[in-house]
Amino acid sequence: MTARLIMKLRVAEAVPVTPDVLHLRLVHPSRPELPAWTAGAHVDLRLPDGRVRQYSLCGDPADRGCYELAIKRETDGRGGSAWVHGNLRPDATAHVSAPRNTFPIVPEARRHILVAGGIGVTPLLAMARQLAASGADFALHLCARSAAEAPLLQAARAACGRRLTCWFSAEGRRFDPAVIGEGADGTEIYVCGPQRLMDAVRSALTARGWPEAQIHSEHFAPINDETFKPEPFEARIASTGQVLHVPAERSLLDVLRGAGFAMPSSCELGVCGSCECGYRDGLVIHRDVVLPPAKRQDRLMPCVSRARVAVTLDL
Ligand code: FES
């Protein structure tokens with residue numbers, strides 16, 4: 001696996017902000033500044049056994065002195081969050097990549113509407129901070145069961161003031177996408193949270209005339225489609241004409257590496273965006289959760305995505 005550069009950062013603070021969410025502040029052990037990032041970015045956190053997990057940065061992008069993460073303990077997760085909660089205490093070392101942004105703010109938008117479900121608030125809080133600092137027009141809708149279970153609620157209040165609307169289901173207030181209104185030019189929607197929230201927002205808004213391209217979402221869980229049956233296909237290399245056979249039991253990424261291409265990767269689950277690659281023709285079966293619809297016409301994630309019959313890669 002070709003990973004991104006990993007830094008050994010020190011845990012400066014590890015504070016529970018709800019019963020199951022740990023807020024971490026990470027600093028470099030000797031340097032005052034960390035690599036710059038923009039709101040919506042995530043880092044890879046490398047676990048001792050080599051597994052990699054992606055977590056959004058939730059701090060202030062203008063603060064180069066630390067990275068802030070808020071990590072929910074997922075009882076039915078893949079083990080990453082349980083390790084974080086059990087091991088990342090003050091002065092522990094966290095192995096963290098430089099940030100990467102696959103969920104950026106659209107700079108030319110006139111208005112930004114952020115919809116956060118539970119721990120999905122993390123990238124949106126960073127966006128709210130960046131938008132507030134630039135004087136942009138924005139609103140944050142924060143959905144949780146209750147105030148006590150809403151991660152980073154105080155920070156969201158401080159960053160957003162009156163631009164924050166809370167939807168606490170235990171109080172009978174469930175988020176209704178209708179409050180966003182009809183599709184509007186110059187307004188971008190950003191959603192992060194459970195898949196059902198993102199699906200509900202996307203389908204409600206597209207039904208009201210919002211273009212797909214104005215709805216952005218991020219979710220760090222791989223597609224779970226156990227019924228998918230991979231088929232073999234051919235991958236043609238545009239620069240050389242070489243044709244590679246991708247058997248059903250191997251990923252395109254694996255075959256490319258076997259043919260000598262130094263492809264970067266991190267999660268190999270279609271959630272981080274590290275292995276992104278261009279293509280020119282072919283019917284691609286996209287199986288990642290990171291590429292926005294507008295990029296799927298000519299970009300793919302070879303760690304999980306495949307093609308029907310053949311694809312030509314921009315390599
Ligand atoms: S390696 Fe993460 S999306 Fe492919």
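The values are calculated or read from the model by the stated rules, or taken from the named source; none is laboratory data. Nothing here was measured: the structure is a model prediction, and the numbers come from that model. Positions of Cβ are backbone-derived with ideal geometry, glycine not excepted, and every protein chain shown enters the neighbour counts. The protein model used for the area step is the full one, side chains on, heavy atoms only, and it has no ligands, DNA or RNA in it. Shrake-Rupley method; radii C 1.70, N 1.55, O 1.52, S 1.80 Å.
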- Can you name every residue in the stretch 127-144 that is farther than 30 Å from A170 by Cα and assigned to a helix (DSSP H, G or I)? Q130, A133
- Item | Filter result (more than 19 Å from the chain's Cα centre (by Cα) and either part of a helix (DSSP H, G or I) or among the aromatic types (F, W, Y) (or both)) within the stretch 63-92 | A82, W83, H85, G86, N87
- Considering each residue of the stretch 33-66, count those that are modelled with pLDDT of 95 or more and open to solvent by 60 Å² or more (accessible area, probe 1.4 Å), and give that number. 7
- Do we have any residue at all in the stretch 251-273 that's outside any loop (DSSP other than H, G, I, E, B), among the hydroxyl-bearing types (S, T, Y) and either within 16 Å of the ligand (Cβ to nearest atom) or farther than 24 Å from L5 by Cβ (or both)? no
- Being at pLDDT 95 or above, more than 17 Å from the chain's Cα centre (by Cα) and closer than 28 Å to R296 by Cα narrows H28, H95, H112, H23 down to just H112
- What number of residues in the stretch 278-298 are surrounded by fewer than 20 Cβ atoms within 10 Å (Cβ to Cβ) and either under 21 Å from A41 (Cα atoms) or within 12 Å of the ligand (Cβ to nearest atom) (or both)? 8
- Task: Could you please let me know if A136 is within 22 Å of D20 (Cβ to Cβ) and in contact (Cβ under 8 Å) with a residue 24 or more places away in the chain?
- Result: no
- Starting from the stretch 223-235, keep only residues that are aromatic (F, W, Y), then list their pairs with residues that are in a loop (DSSP other than H, G, I, E, B) whose Cβ atoms are within a distance under 8 Å, requiring at least 6 positions of separation or different chains. F228/R287
- Count - residues of the stretch 148-169 that are open to solvent by less than 40 Å² (accessible area, probe 1.4 Å) and in contact with a Phe, Trp or Tyr (Cβ under 9 Å, 6 or more places away or on another chain): 4
- Conditions (1) over 26 Å from the mean Cα position of the chain (by Cα); (2) small (G, A, S); (3) within 16 Å of the ligand (Cβ to nearest atom); number of the one not met by A238: (3)
- Is there a residue being surrounded by fewer than 13 Cβ atoms within 10 Å (Cβ to Cβ) and in contact with a Lys or Arg (Cβ under 9 Å, 6 or more places away or on another chain) anywhere in the stretch 248-264? yes
- Task: For the stretch 299-314, enumerate the residues that are near the ligand (Cβ under 10 Å from one of its atoms) and either more than 24 Å from N224 (Cβ to Cβ) or β-branched (V, I, T) (or both).
- Result: V304
- Which members of the stretch 284-303 meet the condition of being aliphatic (A, V, I, L, M) and either modelled with pLDDT of 95 or more or outside the structural domain of G241 (by TED's automatic domain parsing) (or both)? V284, I285, L300, M301
- Query: What are the residues in the stretch 4-32 that are crowded, with 16+ Cβ neighbours inside 10 Å and not in a strand (DSSP E or B), if any?
  - Reply: R4, D20, H28
- Of the residues A98, A109, A92, A82, which is open to solvent by 10 Å² or more (accessible area, probe 1.4 Å), closer than 21 Å to G270 by Cβ and out of contact with any Phe, Trp or Tyr (no Cβ under 6 Å at 6 or more places or on another chain)? A98
- Query: Within the stretch 205-233, can you find the residues that are open to solvent by 70 Å² or more (accessible area, probe 1.4 Å) and outside any loop (DSSP other than H, G, I, E, B)?
  - Reply: A207, E212
